[in-house]
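Structure first, commentary second.
The values are calculated or read from the model by the stated rules, or taken from the named source; none is laboratory data. From a predicted model like this one, the values you see are computed outputs, not experimental measurements. Neighbour counts are summed over all protein chains in view; Cβ atoms, including those assigned to glycine, are modelled from backbone coordinates with ideal geometry.
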Ligand SMILES: C[S@@+](CC[C@H](N)C(=O)[O-])C[C@H]1O[C@@H](n2cnc3c(N)ncnc32)[C@H](O)[C@@H]1O
């Protein structure tokens with residue numbers, strides 16, 4: 001049976017702690033995403049950074065010329081991401097939005113989920129897959145980074161095997177690739193992660 005995992009109140013967390021100290025904080029574009037975009041020759045279009053947190057990925061993608069939207073359940077995270085983007089002179093849409101009660105009414109060329117899916121209770125996974133599928137244009141992609149079953153720390157988010165990713169997403173996405181990697185951030189050693197490229201069916 002999957003171990004039940006606990007998560008903070010996200011809004012309190014972003015009110016109380018500096019984003020730079022958070023385990024997932026990575027000011028650079030996620031290297032696995034960068035490689036995937038290169039491989040698939042994607043260099044323009046619209047992207048949703050789902051569960052954007054500090055907004056680093058939306059910001060890095062906007063700097064590369066993508067039209068970026070970042071959403072997060074935490075209003076405090078969104079306020080900080082917005083102010084960082086403004087400081088950098090970037091035009092990014094940041095919105096407070098709970099993916100399970102989303103007000104997004106647009107489809108994106110691709111969605112990047114770096115660490116959001118893996119915080120959801122297993123009972124919510126099929127809702128997530130359906131909702132995210134509806135946010136992606138035909139032939140679009142979901143790039144998904146989540147903790148790997150190889151990660152041995154006790155605490156933290158849910159972990160996945162490649163088979164579990166295929167089982168969760170396979171009905172609505174073609175699973176183009178899944179590889180073992182790390183989750184770049186402030187933890188040492190970096191947590192083991194899976195990076196999946198999922199193409200909408
Ligand atoms: C592990 S953090 C990753 C943040 C960011 N993607 C990054 O890589 O820096 C997970 C994020 O998911 C957000 N989150 C949690 N539940 C959510 C929900 N239901 N809808 C949208 N975002 C949510 C949290 O507030 C948090 O910022």
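Brief remarks follow.
- Each residue in the stretch 30-67 was checked for being at negative phi and away from the ligand (no atom under 11 Å from the Cβ), and 20 of them qualify.
- Total residues in the stretch 1-12, condition more than 10 Å from the ligand (Cβ to nearest atom) and outside any loop (DSSP other than H, G, I, E, B): 1
- Checking residue 101 against (1) more than 9 Å from the ligand (Cβ to nearest atom); (2) within 28 Å of residue 4 (Cα to Cα); (3) surrounded by fewer than 19 Cβ atoms within 10 Å (Cβ to Cβ), the condition it does not meet: (1)
- Going through (1) closer than 20 Å to residue 195 by Cα; (2) buried (at least 20 other Cβ atoms within 10 Å of the Cβ); (3) touching a residue at least 40 places away in the same chain (Cβ under 8 Å) one by one, residue 77 falls short only on (1).
- Residue within the stretch 13-21 that is within 15 Å of the ligand (Cβ to nearest atom) and assigned to a loop (DSSP other than H, G, I, E, B) present: yes
- Residue in the stretch 104-121 that is closer than 16 Å to residue 136 by Cβ, under 17 Å from the mean Cα position of the chain (by Cα), within 12 Å of the ligand (Cβ to nearest atom) and surrounded by fewer than 22 Cβ atoms within 10 Å (Cβ to Cβ) present: yes
- Residue within the stretch 168-179 that is within 15 Å of the ligand (Cβ to nearest atom) and at pLDDT 95 or above present: no
- The stretch 43-54 residues that are closer than 12 Å to residue 99 by Cα, paired with ones that are part of a loop (DSSP other than H, G, I, E, B) and more than 11 Å from the ligand (Cβ to nearest atom) (beta carbon under 7 Å, 6 or more apart): 48/135
- Counting only residues that are under 17 Å from the mean Cα position of the chain (by Cα) and in a helix (DSSP H, G or I), the stretch 29-67 holds 14 of them.
- Counting the residues of the stretch 68-86 that are near the ligand (Cβ under 9 Å from one of its atoms) and in a strand (DSSP E or B) gives 3.
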